[in-house]
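As structure tokens, the structure follows; a few thoughts come after it.
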Amino acid sequence: MYSWKNITVHLKNWNLNEVIDLLEDLNVISFNITEKKNDTEEHLFGELANQNNFHSDKYNLIILVKYSTNTESIIKIIKRTLHLSYLPEYSESLFKNRDWLTYNQKSFDKITISKKLKIITPWHSNQNFGGKTVVISPGAGFGTGKHPTTKLCLNWISKNIQPGNSLLDYGTGSGILGITAWKFGSRLITCVDNDENAIKNAKENNRLNNSKINLVLNTDFKINQTYDIVIANILSNVLIEIEPILKMVSNSKLILSGLLNKDEKLIRQKYSWCNFKKTKKDNGWLMMDGTIK
């Protein structure tokens, strides 16, 4: 009986290193890049493994998952996360192997953001830590705190939230930012996402942390107040689209992340109503810290 499968995803005009960064929170066993050569796949070893740019014209992305995983759901998440205009083609190979489930749980290790904050999963304990602990149940691409942009936002929250601050997290995913803000004293927290499964995952995390945040689909989000802090950790093209919404709901601080170095100039132009004095960087990713003019 098969236990596992590899999904080979065929993308158009992508650097696969960048793709893996963007999909880092996808709840899968592992990613692998293989070379396309005479219609066969060869695993990358030696000098190839040191390359920085694996273009999808020459390389394939292979994702290892449990046999029971719904491949079409994974492909749809990839389409949504990368904001593709097409549904990627894919192929599957099935096989028997080791106990990857235990391996998968171990791979989601505790993430120490700072002396003030640690992210753990439900199967870890928070013993011997004097700061705040947030429990996140890993979901399919909804955010566990691993990605550099999420870490940048978490660090900002741990240092800047004041008791009673109202907060909007637009594009919440797992709810990790809103839940962390609650732990540091923020109240009147609204978290918005366009994915029903993300909201479901965030509600479970809300329960695990005994926090009280309002979780809503973007189609149900009503603009009836402004917030002291607005955070959007999404890719730049989405930040451009939602700029009018964020302008209407912001009254003091605006934190934008999910950005690459090349995106900063355009974001500053589009969000000209905000004064961005600080830009934090982590592995080529940016977080822009702004004050409403």
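Readers should treat all values here as calculations from the given coordinates under stated rules, not as data from a laboratory. For clarity, every value in this text was computed on a predicted model and none was experimentally measured. Backbone-built Cβ (ideal geometry, glycine too); neighbour counts: all protein chains shown.
Using C-alpha pairs below 8 Å separated by at least 6 residues, the relative contact order for the chain is 14 percent. Among Thr144, Thr150, sorting on how many other beta-carbon atoms sit within 10 Å of each Cβ, with the fewest leading, yields Thr144, Thr150. For the pair the stretch 54-88 and the stretch 212-239, the centres of their Cα atoms are 27 angstrom apart.
Cross-linked pairs Lys12/Lys76; Lys183/Lys203; Lys79/Lys146; Lys247/Lys270: Cα-Cα separations exceed 18 Å for Lys79/Lys146. Projecting the Cα atoms of Thr291, Ala202, Val238 onto the charge dipole of the chain (Cβ charges, centred on the Cα centre) puts Thr291 farthest toward the positive pole. For the chain, a simple Cβ point-charge model (Lys and Arg +1, Asp and Glu -1, everything else neutral) yields a dipole of about 1280 debye relative to the Cα centre. Computed extension gain for Asn15 through Lys293, at 0.36 nm per residue and net of the alpha carbon distance, reaches 96.4 nm. Comparing the chain with the 2.2 N^0.38 Å rule of thumb, its C-alpha radius of gyration ratio is 1.03 (two decimals). Once the Cα-Cα distance is subtracted from the 0.36 nm per residue extended length, the Leu94 to Arg268 segment shows a gain of 57.9 nm. The alpha carbon convex hull volume per residue for the stretch 152-260 rounds to 93 Å³. Counting neighbouring Cβ atoms within 10 Å and putting the fewest first, the residues Phe95, Phe184, Phe129 line up as Phe95, Phe129, Phe184.
Scalar couplings 3J(HN,Hα) for the stretch 58-70, obtained by applying the Karplus form with A = 6.51, B = -1.76, C = 1.60 to θ = phi - 60°, are 10, 9, 10, 9, 10, 10, 8, 9, 5, 4, 6, 5, 6 Hz; x denotes Gly and Pro.
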